[in-house]
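J.: Got a structure here, written out as structure tokens. Questions coming.
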Amino acid sequence: MQFFGKALTALACGALFASASWAADVTNVRVLGWYGNQPQSQKLERPFWEKIGERTQGQFKANFRTIDELGLKGFESLRTLQSGAFDIVSFQISFVSGEAPVLMGADLPGSAFTFGELQRNLAAYQPVLEKELDTRFNAKLLTTWSFPFQILYCKGQIKSLDDLRGKKVRVSGALSAKLVESLGGASVTLAGPEVYQGLMQGVVDCAVTGSQYGNSNDWFEVSDSLLPIPVGGAGVVLHVARKAFWDKLSAEQQASLAGELKKLEGDLWRMGRESHENGINCNIGRAPCDGKLGKMTLVESTSADQKRVNDLLKSDLIPLWLQDCNAASGTCGDDWFKTIGAAAGIQP
């Protein structure tokens with residue numbers, strides 16, 4: 001497979017990664033992070049692994065690389081773990097939804113509208129995530145966290161989701177595409193760097209992304225209305241360890257590493273919240289703002305809009321997701337409704 005050729009080349013060239021070793025009471029950890037252009041990677045994840053020795057009193061030493069540094073694609077993240085090329089991997093679940101649809105159940109659009117609701121859902125769904133990672137991927141779940149919610153940038157004055165009818169909307173995945181279509185819009189696939197020009201030239205009327213990403217890429221210059229309702233979900237990320245690696249650690253090492261990762265998880269959640277609010281502030285020209293000041297109009301989410309998305313989650317999105325998920329797990333639907341469904345008040 002092409003992936004394994006890439007992985008072997010990466011491992012062979014320049015001795016980028018040390019083999020797992022327990023010599024001199026120090027365990028070398030090969031870590032694959034998510035995309036390096038994200039502030040979560042730059043400001044939190046990379047510094048965390050660079051200082052893991054200090055944080056664990058010399059128990060660990062990490063060799064950290066981001067997925068884009070190695071020229072890999074997002075969907076290859078879990079495969080790198082299974083191949084044994086890495087000991088710990090972080091990845092956004094939407095990128096592996098094809099081979100791991102059960103994981104995608106943690107971030108269905110319409111199941112959470114706030115970070116508090118999202119954390120509640122993930123806590124309820126954690127046993128399902130743990131079981132799926134263990135049985136299908138020989139992996140152990142270490143952290144769950146999220147990027148900012150995927151919200152709407154639109155040209156013109158948009159007052160509610162009703163105004164998406166007839167609009168061409170750049171989406172972030174199959175489920176957000178289905179949601180947009182159910183709302184009467186037309187879903188369009190565009191790479192992130194193409195969206196600015198697409199909005200400017202009318203290729204799309206609206207586009208879905210995080211508030212901070214859109215601000216840093218100047219989408220506020222070519223759009224007018226900002227709708228913070230998360231029609232694209234959130235962007236949930238997991239840190240997982242290869243079980244063969246994890247099981248070789250002593251109980252003390254496991255507790256030490258898990259404890260430090262729990263602190264990292266908390267920092268990542270805080271950054272997600274702060275980035276979301278900061279991005280919104282910047283786009284509408286409100287302080288505090290660490291980015292670029294725009295002049296967009298903020299269209300607050302209404303209870304009617306939230307109910308409509310929630311209803312479409314039940315009638316359209318969950319059935320679409322279950323087509324793949326039930327094939328991967330015969331208990332997928334029951335597991336979801338007993339966990340996230342029960343927590344969010346969503347029943348079949």
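The values are calculated or read from the model by the stated rules, or taken from the named source; none is laboratory data. Note that the structure is predicted; figures quoted are calculated from it, not measured. Note that each Cβ is placed from the backbone with ideal geometry, even for glycine, and that neighbours are counted across all protein chains shown. Heads up: the accessible areas ignore ligands, DNA and RNA and are worked out on the full protein's heavy atoms, side chains in. Shrake-Rupley method; radii C 1.70, N 1.55, O 1.52, S 1.80 Å.
J.: Cα axis of helix 115-137 to longest principal axis of the chain: angle in degrees, 0 to 90, nearest 10?
T.: 50
J.: Determine the calculated [θ] at 222 nm for the chain from helices alone, applying -39500 (n - 2.57) to every DSSP H run no shorter than 4 residues and normalising by the residue count; nearest 500 deg cm²/dmol.
T.: -12000 deg cm²/dmol
J.: Once the Cα atoms of helix 318-328 and of the chain are each reduced to a long axis, what angle between those two axes, in degrees from 0 to 90 to the nearest 10, is obtained?
T.: 20
J.: Next question, about the same structure. Restricting to DSSP loop positions (anything but H, G, I, E, B) with no more than 11 other Cβ atoms inside 10 Å of their own Cβ, which GluC sites (Glu not before Pro) remain in the stretch 268-348?
T.: Hits after loop and neighbour filter: E300.
J.: Which of these, L293, L261, L70, has the largest mean-square fluctuation under a Gaussian network model of the chain (Cα springs below 10 Å)?
T.: Ranking L293, L261, L70 by mean-square fluctuation puts L70 first.
J.: Just in the stretch 254-348: which trypsin sites (Lys or Arg not before Pro) are loop by DSSP and have at most 11 other Cβ atoms within 10 Å?
T.: Here the sparse-neighbourhood loop sites are K295.
J.: Please report, as a whole percent, how much of the solvent-accessible surface of the chain comes from carbon and sulfur atoms (probe radius 1.4 Å).
T.: 50
J.: Restricting attention to the stretch 47-138, which GluC sites (Glu not before Pro) occupy a DSSP loop and are surrounded by at most 15 other Cβ atoms within 10 Å?
T.: Qualifying residues, ordered by number: E69, E99.
J.: Please find, in a Gaussian network model of the chain (springs between Cα atoms separated by less than 10 Å), the residue of V237, V188, V169 whose mean-square fluctuation is greatest.
T.: V188
J.: Heads up, I need the accessible area for D267: 1.4 angstrom probe, whole protein in place, Å², nearest 10.
T.: So the heavy atoms of D267 present about 50 Å² to solvent.
J.: Here is a follow-up. Here is the link list: K168/K338; K61/K262; K178/K292. Which ones come out longer than 26 Å on Cα distance?
T.: Distance filter (> 26 Å) returns K168/K338; K178/K292.
J.: Given the C-alpha centroids of the stretch 75-148 and the stretch 221-249, what is the distance between them in whole angstrom?
T.: Using only Cα atoms to place each centre, the spacing works out to 8 Å.
J.: Ok, one more. With the Cα gyration tensor of the stretch 203-344 giving a ≥ b ≥ c as the square roots of its eigenvalues, does the rule (a/c under 1.5 for rounded; else a/b larger than b/c for prolate; else oblate) give rounded, prolate or oblate?
T.: Oblate.
J.: For the chain, how big is the tail of P(r) above 25 Å, as a whole percent of Cα pairs?
T.: 54
J.: Cα to Cα, under 17 Å, and not fewer than 8 places away if on the same chain: which lysines meet these conditions relative to K243?
T.: K131, K140
J.: Could you order T297, T339 so the one with the most accessible surface comes first? Probe is 1.4 Å.
T.: The residues order as T297, T339, largest area first.
J.: Here's another thing I want to ask about it. By how many degrees, 0 to 90 and rounded to 10, does the Cα axis of helix 2-12 deviate from the longest principal axis of the chain?
T.: With both axes taken from Cα atoms, the answer is about 50 degrees.
J.: In terms of solvent-accessible area of protein heavy atoms at a 1.4 angstrom probe, what is the ranking of D68, D247, highest value first?
T.: D247, D68
J.: For the stretch 254-322, just say rounded, prolate or oblate: build the C-alpha gyration tensor, square-root its eigenvalues into a ≥ b ≥ c, call rounded for a/c under 1.5, and beyond that prolate if a/b exceeds b/c, oblate if not.
T.: In terms of gyration-tensor shape, oblate.
J.: Any chance you could look up the accessible area of M104 with a 1.4 Å probe, heavy atoms only, rounded to 10 Å²?
T.: Roughly 20 Å² of M104 is accessible to a 1.4 Å probe.
J.: Follow-up. Out of R30, R165, R242, any idea which swings most in a Gaussian network model of the chain, alpha carbons joined below 10 Å?
T.: R165
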